[in-house]
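Written below as structure tokens is the structure these notes are about.
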């Protein structure tokens, strides 16, 4: 679906470009003086394998699809913030003695990097910062907590090469989880678990006072339901996908086993993630779900009595949506949380 409103404020507009496992999502937000306004948006499906380095066989079709979205959606801006899939970003926290200086902490991180990074340190861009904690906590524990982010060089190269193929001014790359936090949780207080349910992966993240502390990923998303339905019913995967979406009027207790099995896996993984965070003093006060997976029939009913309060994210809560677009875009609100968060970025 494509929006077609032309913004009159293109100089202040930011485009959010989110390339997911099976589709490209783009939004353009006008940063006006007194409000934020959705100018236009576009979505296109793809079937490309985006793992690893992107050669010309991937860059060319991606660039073509992006240009089609820009033209069909009548995008008027060029400043673009592009997402990095959360599973490609290594995020963790580590505790260091409060007596160490910043230089000593950096030396210790560099010394240990080869043991905790998924790729050799020389193939990753690593950054870190000290998490703000109450002085009494630091004094009591004698520790300072540090958050570490690391991004593989090939991810940066992929993004740079893609943007060179299209007429867009890439101003920043950002972890999609950080973008979702900006769109869904800012400002937020306390400990929150955010769950992004995608097609191929599900990401569990914990935020404390609206700041990302850590993320965990499982290679399981709603595409597993379609795959299982396809195998079980002996039908084409695309037909299975349509069948899955047509279950919306089915009672929870009459949903196919494949759907309920996936929900059970998701709940089990969420329970594990919550328990792990409880052990390090990050007891969650709520769970916020986002991603296209929440539209899976029976999802809300399955989690209705969960032991921690749950909410569905709303990435448009601070954005004015023109009435011409609203009836169409509200049907896919949780699929756009990353793109909206990217377009809301202001520090460029």
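Every number in this text was worked out from the coordinates using simple rules, so none of it is lab data. Keep in mind that what you see is a predicted model, and the values were worked out from it rather than measured. Using ideal geometry, Cβ is built from the backbone for each residue, glycine included, and neighbour counts are taken over all protein chains shown.
Per-structure values
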{"item": "Inter-site label distance for residue 268 and residue 129 at 7 Å from Cα along Cβ, in nm", "result": "3.7"}
{"item": "Distance from segment 269-348 to segment 205-225 (C-alpha centre basis), Å", "result": "11"}
{"item": "Extension gain (nm, one decimal) between residue 238 and residue 314, 0.36 nm per residue minus Cα-Cα", "result": "24.5 nm"}
{"item": "Segment 115-154: equivalent-ellipsoid semi-axes (sqrt of 5 x gyration tensor eigenvalues, Cα, Å)", "result": "29, 10, 5"}
{"item": "Estimated inter-spin distance, residue 116 and residue 140, nm [label 7 Å along Cα→Cβ]", "result": "2.3"}
{"item": "Efficiency of FRET between residue 68 and residue 261 - r from beta-carbon atoms, R0 35 angstrom, step 0.05", "result": "0.40"}
{"item": "Mean-position separation - Cα centroids, segment 119-158 and segment 9-43, in angstrom", "result": "29"}
{"item": "Nearest-0.05 FRET efficiency for residue 231 and residue 106, computed from C-beta distance (R0 41 Å)", "result": "0.25"}
{"item": "Fraction of alpha-carbon pairs over 19 Å apart in segment 1-131 - percent", "result": "63"}
{"item": "Stretchable slack from residue 167 to residue 48, in nm (0.36 nm times residue separation minus alpha-carbon distance)", "result": "40.7 nm"}
{"item": "Ratio Rg/Rh [Cα only; Rh per Kirkwood] for the chain", "result": "0.97"}
{"item": "Approximate spin-label separation residue 275-residue 346, in nm, with each point projected 7 Å along Cα-to-Cβ", "result": "4.2"}
{"item": "Gain in span if fully extended, residue 33 to residue 328, counting 0.36 nm per residue against the direct Cα distance", "result": "103.6 nm"}
{"item": "Base-10 log of normalised Debye intensity for segment 88-152 (one unit scatterer per alpha-carbon) at q = 0.11, 0.13, 0.16, 0.24 Å⁻¹", "result": "-0.26, -0.36, -0.53, -1.01"}
